[in-house]
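See structure below.
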Number of protein chains: 2
Amino acid sequence: MTTFTLDERLRRDGIPICKLGLCELRLMNDRRWPWLILVPQRADVSEVYELTPLDQAMLTFETNLVAAALKNVTGAEKINIGALGNIVRQLHVHIIARREGDPNWPGPVWGFGKPEPWLDEDHKAFAARILENL
Amino acid sequence: MTTFTLDERLRRDGIPICKLGLCELRLMNDRRWPWLILVPQRADVSEVYELTPLDQAMLTFETNLVAAALKNVTGAEKINIGALGNIVRQLHVHIIARREGDPNWPGPVWGFGKPEPWLDEDHKAFAARILENL
């Protein structure tokens, strides 16, 4: 049985916030949008339907918990949820706060422009607010 | 209590395939990608976390059922799943079959180029294959 190891690109592109029952919760290091990622700590899974039924239910629970927290913290107009994985095959779920006029609105965030890294103190404060709202 | 009515734009952009326990399953009328949509038949819901816990579990089940069928039918490299709703606020989940070299690969499909409608006999045959695999 293979052990779970976080994909190298996911590790590089984000900042860890905490571990939930199934997933590691991470902040994408791109302050253009409040953008969180959930990574189920399961080896060799690319598609949501490859998870066990219990893990599928856990992922839904954790996705919706995080989405509601992100909405509370940001007051976003719309939460975008996506599991694409065309580039990084390790299963991960994007949860992004969107508002009218943000970069590429109303289009998707993936592949648009260049990331703008968070300042150290800012991402810590943001992560703390997410944790308070979980 | 408001009754569910399918959003006008979702109606216009897609072709009905069938109704599942919670959702209406539709084919986007854009043959550039095999692209399905699930619309929970619930009024006034924009975010997945606004569904009841039972409906959330049903949506997960139906999403994964359809995603696995789409993978079987197309042999896609990757299934993309997304709930965005920046334009159409009625909750709907995109389930798209992707392969290397398809339009905008490895970027997202949303907002890219112009839809190419299916031919009538082709979308019927495709829908039939999806139904066989559910």
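Read-outs: derived from the displayed coordinates by stated rules, not from any lab. None of these values were measured; they are calculated from a predicted model. So basically every Cβ, Gly included, is an ideal-geometry build from the backbone, and we count neighbours across all protein chains shown.
Normalised by 2.2 N^0.38 Å, where N is the number of residues, the C-alpha radius of gyration of segment A:23-71 stands at 1.23. Here the residues A:Thr52, B:Thr74, A:Thr63, ranked from fewest to most Cβ neighbours within 10 Å of their Cβ, fall in the order A:Thr52, B:Thr74, A:Thr63.
The other copies place their A:Glu116 label points at 3.7 nm from this one, listed shortest first, where each point is 7 Å from Cα along Cα→Cβ.
Under 37 °C and 0.692 mPa s, how fast does chain B diffuse according to Stokes-Einstein, given a Kirkwood radius computed over C-alpha pairs? Answer in µm²/s, whole number. For the chosen part, D equals 216 µm²/s. Take the Cα of A:Arg89, step 7 Å along the line toward its Cβ, and report every residue of segment B:54-68 whose backbone nitrogen sits under 18 Å from that point. Under cut-off, by backbone N: B:68. Taking Lys and Arg as +1 and Asp and Glu as -1, the other residues whose beta-carbon sits under 15 Å from that of B:Asp120 total -2.
Pairs exceeding 25 Å between alpha-carbon atoms, taken from B:Lys78/B:Lys124; B:Lys19/B:Lys71; A:Lys71/A:Lys124; A:Lys78/A:Lys114: there are none.
Label point of A:Gly101 (7 Å along Cα→beta-carbon): distances to the other copies' equivalent points are 4.5 nm, sorted ascending.
How big is the Cα convex hull of segment B:56-134 in projection, averaged over all directions, in nm²?
Numbers: hull surface 24.4 nm².
Result: a mean projected hull area of 6.1 nm².
For q = 0.12 Å⁻¹, what log10 I(q)/I(0) does the protein assembly as shown give under the Debye formula with an equal point scatterer on each alpha carbon and no solvent? Per q value, in the given order, log10 I(q)/I(0) is -0.71. Shown is the FRET efficiency for B:Lys19 and A:Trp105, computed with R0 = 41 Å from the Cβ-Cβ distance and rounded to the nearest 0.05: 0.80. Each other copy holds its own label point for B:Arg89; taking that point as 7 Å from Cα along Cα to Cβ, the gaps run 4.1 nm, nearest first.
From Cα pairs below 8 angstrom and at least 6 apart in sequence, can you work out the relative contact order of chain B, rounded to a whole percent?
Contact order relative to length: 26 percent.
Per residue, chain A reaches -10000 deg cm²/dmol at 222 nm when only DSSP H runs of four or more residues are counted, each adding -39500 (n - 2.57). The distance linking segment A:1-34 with segment A:89-134 is 12 Å (Cα centroid to Cα centroid, whole angstrom). Computed from Cα atoms, the angle from the helix B:53-74 axis to the main principal axis of chain B rounds to 10 degrees.
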